[in-house]
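Enquirer: Got a structure for you, questions after.
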Amino acid sequence: MNRSYRDGFAITAQMLNAARSGINKTGIMQRAALNFEQLQRYIGKLHNCGLLGYNENTIIYQTTPKGFDYLSLYTKTQGIEEEVKTIKAELQKLLSPDENKPKDEAKELPMVTEE
């Protein structure tokens, strides 16, 4: 798992993914690659928001229907972010000098100033 910087949206998604079928706190912490402080900070918030359910009898957390809605939207954002990266790479290529262009055409154009 990539342990580089993750924002709160990513951490939330990883926790909800871990709890899809029901899991205890330690399992969420391990599967979402969290330390105890992060786990404590997020688990209460997700429960209070209705994204994560908790069964006191079994001590198990489980992703709620609202949590699955979150995961669906989060997955859509990941696709959009990848598309943006691809488009930016294409834009960068357009900003690069054209290697196939003859040298005399590749000369810089004079600056035009507005009067």
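The values are calculated or read from the model by the stated rules, or taken from the named source; none is laboratory data. Treat the numbers as computed from the prediction; the structure is a model and nothing was measured. When we count neighbours, we look across all protein chains shown, and the Cβ atoms used for this are built from the backbone with ideal geometry, even at glycine.
Enquirer: Could you tell me which of the residues D104, D98 is over 25 Å from Y5 (Cα atoms), surrounded by 10 or more Cβ atoms within 10 Å (Cβ to Cβ) and modelled with pLDDT under 95?
Expert: D98
Enquirer: Would you call G79 modelled with pLDDT under 90, assigned to a helix (DSSP H, G or I), of a type outside the set (V, I, T) and under 16 Å from the mean Cα position of the chain (by Cα)?
Expert: yes
Enquirer: A follow-up question, please. Tell me, please, whether a residue that is part of a helix (DSSP H, G or I) and surrounded by 13 or more Cβ atoms within 10 Å (Cβ to Cβ) can be found in segment 50-58.
Expert: No, there is no match, as no residue in segment 50-58 is part of a helix (DSSP H, G or I) and surrounded by 13 or more Cβ atoms within 10 Å (Cβ to Cβ).
Enquirer: Let me ask something else about it. Kindly establish whether N35 is free of Cβ contacts under 8 Å to residues at least 24 places away in the same chain, closer than 18 Å to A10 by Cβ and of a type in the set (S, T, N, Q).
Expert: Judged against the criteria, N35 is a match.
Enquirer: Sticking with this structure for a sec: Please go through segment 10-21 and give me each residue that is closer than 15 Å to G50 by Cα, small (G, A, S) and in contact with a strand residue (DSSP E or B) (Cβ under 9 Å, 6 or more places away or on another chain), ordered by number.
Expert: A19
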